[in-house]
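A.B. asks: Attaching a single structure in structure tokens format; questions to follow.
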Amino acid sequence: MAAAHTVAPSSVSLGPAVALSCRECGERVPLGPVFACAACFGPLEVAYSTGLRGAELRRRIEAGPASIWRYAPLLPVPADVADRPNLNPGFTKLVRADNLARELGVTGGLFVKDDSGNPTHSFKDRVVAIAVEAARAFGFTTLSCSSTGNLAGAVGAAAARAGLRSCVFIPHDLEAGKVVMAAVYGGDLVGIEGTYDEVNRFCSELIGDPLGEGWGFVNVNLRPYYAEGSKTLAYEICEQLGWRLPDQIVVPIASGSQLTKIDKGLRELIALGLVEDRPYRIFGAQAEGCSPVARAFKDGLDVVRPVRPDTIAKSLAIGNPADGPYVLDIARRTGGAVEDVTDPEIVDAIRLLARTEGIFAETAGGVTVGVTRKLIAAGVLDPSLTTVVLNTGDGLKTLDAVAAGPTAVIRPSVEAFRAAGL
């Protein structure tokens, strides 16, 4: 790995963020709307300088608002971010899932981090909130993205709240609920005939075209900042567990960025003296119909071969996940794994979580619960350890995945109810 170069100070003020650093070669560049290293084409990440640590930082966090902005000293956002017009996402419930634990045979404590409680009912509100602040700092007037659904809604809502124009791009065949939620905020919603990967390539081309001037694509040219929002899941989980690391955490994989940033967040908390340094294991979860990372993990490969998605879990249907190789590294380094489940297993897991804990998860939540059950049955995930499972969205967005209706239809009489045998 090449030595990191020094970088001139940036004129942009994003709190403790001081530069962008290449994950591969360490090259540093000033803060700006760039996402790839010019030296090696590796992905750029935000680099920080913060003087707060340990007990002082913990007091500052605990005195903060009940949103991701309590962690502002650890994020690329201005100090007054909580006072700006935004959706204030985060600090969602960490549900102790004792009923589900009994069903799965977990004895060490099972928790569901339920991010369906965010403003647009998915974890994407976290990442978009950070991207909006970067967009403001760089003078963008239009907020955009390529999306499998949840991100489109989050961008539309956040842009409306921030007073920005939005124009988002989605595969043309998304679930109806996600299409409505993306369109209702008044921005432009464009369906592209193709897969998410094709939509994403189109957006990358648009950035270099005069039509894209003044546009901030949250998951392309603003990606280094956007991705940092996922760290707040790690921060919240540890704080809600009493400032301790979970032993095991199961994370859904789309691009893979969420999993890599959760790992980054856990390592940051250790380095800052906020949690005890001890082992933890991270498990990745995919749908069988789009499981290139799981396949590479099982085959012992370091390269993730792209696939064409075919699954009901459309929010995870990214056939060429950008962070796939890093997911493999983290799963192997922490002693975790990457597993997949079939569409019928996803539906069964959605029903299981709803029946046991009253949480109606979208298909991505069905993937994490289904993979958790599969890993326990295979003896890979230790049921005696504290385990956190992520639900990243609301089942109302993916109603087509689960067929449900009245137990019975009867006349309005006690006799009819008795005859129904209920």
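The values are calculated or read from the model by the stated rules, or taken from the named source; none is laboratory data. Quick caveat: nothing in here was measured; it's all calculated off a predicted structure. Cβ coordinates were reconstructed from backbone atoms using ideal geometry, including for glycine residues, and neighbour counts include every protein chain displayed. Just so you know, the surface numbers come from the protein's heavy atoms only, side chains and all, with ligands and any DNA or RNA stripped out. Shrake-Rupley method; radii C 1.70, N 1.55, O 1.52, S 1.80 Å.
A.B. asks: Please build a GNM for the chain, connecting alpha carbons under 10 Å apart, and tell me which residue among 46, 190, 327 fluctuates the most.
C.D. replies: Comparing 46, 190, 327 in a Gaussian network model of the chain, the most mobile one is 190.
A.B. asks: So for 172, 121, what's the accessible-area order with a 1.4 Å probe, most first?
C.D. replies: Working: 172 115, 121 70 Å².
I get 172, 121, largest accessible area first.
A.B. asks: With 21 Å as the limit, write out which pairs from 124/374; 124/178; 298/374; 178/298; 113/397 have Cα-Cα distances beyond it, or answer none. Don't skip to the end; give the middle numbers.
C.D. replies: Values: 124/374 26 Å; 124/178 13 Å; 298/374 14 Å; 178/298 32 Å; 113/397 18 Å.
Check vs 21 Å cut-off fails for 124/374; 178/298.
A.B. asks: Sticking with this structure for a sec: Run the numbers for residue 342 and residue 83: contour at 0.36 nm per residue of separation, minus the present Cα-Cα distance, in nm.
C.D. replies: Taking 0.36 nm per residue and subtracting the Cα distance, the gain is 88.8 nm.
A.B. asks: Which residue, 278, 136, 305, tops the fluctuation ranking in a GNM of the chain built on C-alpha contacts under 10 Å?
C.D. replies: Answer for the Gaussian network model of the chain: 278.
A.B. asks: With charges set only on the Cβ (+1 for Lys and Arg, -1 for Asp and Glu), what does the dipole of the chain come to about its Cα centre, in debye to the nearest 20? Mind showing how you got there, number by number?
C.D. replies: Values: 41 positive and 47 negative charges, 170 e Å.
Around 820 debye, computed over the chain.
A.B. asks: Going by alpha carbons, how many degrees (0 to 90, nearest 10) lie between the helix axis of 257-271 and the longest principal axis of the chain?
C.D. replies: The answer is roughly 70 degrees.
A.B. asks: Treat each spin label as a single point 7 Å out from the Cα along the C-beta direction, and report the residue 24 to residue 36 distance in nm.
C.D. replies: 0.9 nm
A.B. asks: Oh, and also: With both bridge residues required to lie in the chain, what share of the DSSP beta bridges run antiparallel, to the nearest 5%?
C.D. replies: Working: 14 of 45 bridges.
Percentage antiparallel, nearest 5: 30.
A.B. asks: Further question on the same structure: With equal scatterers on the alpha carbons only and no solvent term, can you work out the Debye log10 of I(q)/I(0) for the stretch 25-144 at 0.09, 0.12, 0.17, 0.18 1/Å?
C.D. replies: -0.38, -0.64, -1.03, -1.09
A.B. asks: Say each of residue 378 and residue 11 gets a label point 7 Å from the Cα, pointing the same way as Cα to Cβ; how far apart are those two points in nm?
C.D. replies: Taking the two extended label points, one gets 5.3 nm.
A.B. asks: Any idea how far the Cα center of the stretch 337-378 sits from the one of the stretch 273-303, in Å?
C.D. replies: Distance between centres, Cα-based: 16 Å.
A.B. asks: Sticking with this structure for a sec: How large is Rg over Rh for the stretch 371-422, taking Rg from the Cα atoms and Rh as the Kirkwood inverse mean of 1/r across Cα pairs?
C.D. replies: On the way: Rg = 19.8 Å, Rh = 15.6 Å.
Taking Rg over the Kirkwood Rh, I get 1.27.
A.B. asks: Could I ask something else about it? Based on Cα positions only, what radius of gyration and what Dmax would you give for the stretch 319-393, in angstroms?
C.D. replies: Using the Cα atoms of the stretch 319-393, the pair Rg, Dmax is 13.1, 36 Å.
A.B. asks: Tell me, what does the Kirkwood hydrodynamic radius of the stretch 294-422 come to in angstroms if you use every pair of distinct C-alpha atoms?
C.D. replies: Values: mean 1/r = 0.0589 Å⁻¹.
Result for the stretch 294-422 stands at 17.0 Å.
A.B. asks: What FRET efficiency, computed as 1/(1 + (r/R0)^6) with R0 = 30 Å and r the Cβ-Cβ distance, is obtained for residue 66 and residue 190, rounded to the nearest 0.05?
C.D. replies: Numbers: r = 35 Å, r/R0 = 1.17.
With a Förster radius of 30 Å, E is 0.30.
A.B. asks: A further question on this structure: Hey, in the GNM for the chain with a 10 angstrom Cα cutoff, which one of 344, 171, 246 fluctuates hardest?
C.D. replies: Of the options given, 344 has the highest mean-square fluctuation.
A.B. asks: Could you check the simple spin-label distance between residue 59 and residue 165, using points 7 Å along Cα→Cβ, in nm with one decimal?
C.D. replies: Once both label points are built, they end up 4.8 nm from each other.
A.B. asks: Taking amide H atoms as placed 1.01 Å from N in the peptide plane, list the residues 5 or more away in sequence, or in a different chain, whose amide H sits under 5 Å from that of residue 361.
C.D. replies: 354, 395
A.B. asks: Pulled fully out, how much extra length does the chain show between residue 295 and residue 308, if you take 0.36 nm times their separation in residues and subtract their Cα-Cα distance? Kindly include the intermediate steps, with their values, before the conclusion.
C.D. replies: Working: separation 13, 0.36 × 13 = 4.68 nm, distance 1.35 nm.
Computed gain between residue 295 and residue 308 is 3.3 nm.
A.B. asks: Sorting 213, 133, 268, 415 by accessible area (1.4 Å probe), largest first, what list results?
C.D. replies: Details: 213 150, 133 5, 268 40, 415 120 Å².
Largest accessible area first, the list is 213, 415, 268, 133.
A.B. asks: How charged is the neighbourhood of residue 87? Take every other residue with its Cβ under 9 Å from the Cβ of residue 87, and add Lys/Arg as +1 and Asp/Glu as -1.
C.D. replies: That works out to 0.
A.B. asks: Still on this structure, please answer the following. Mind checking the full-extension length gain between residue 278 and residue 420? Use 0.36 nm per residue of separation minus the Cα-Cα distance, one decimal, nm. Mind dumping the intermediate values first?
C.D. replies: Working: separation 142, 0.36 × 142 = 51.12 nm, distance 5.58 nm.
Here the answer is 45.5 nm.
A.B. asks: Using only C-alpha positions, report the orientation-averaged shadow area of the convex hull of the chain, nm², one decimal. Please report the intermediate quantities before stating the final value.
C.D. replies: Numbers: hull surface 88.8 nm².
Mean projected area of the Cα convex hull: 22.2 nm².
A.B. asks: What percent of all Cα-Cα pairs in the stretch 106-229 falls into each 5 Å bin, going from 0 up to the bin containing the maximum distance?
C.D. replies: It works out to 2, 12, 22, 24, 20, 10, 4, 3, 2, 1, 0, 0, in whole percents.
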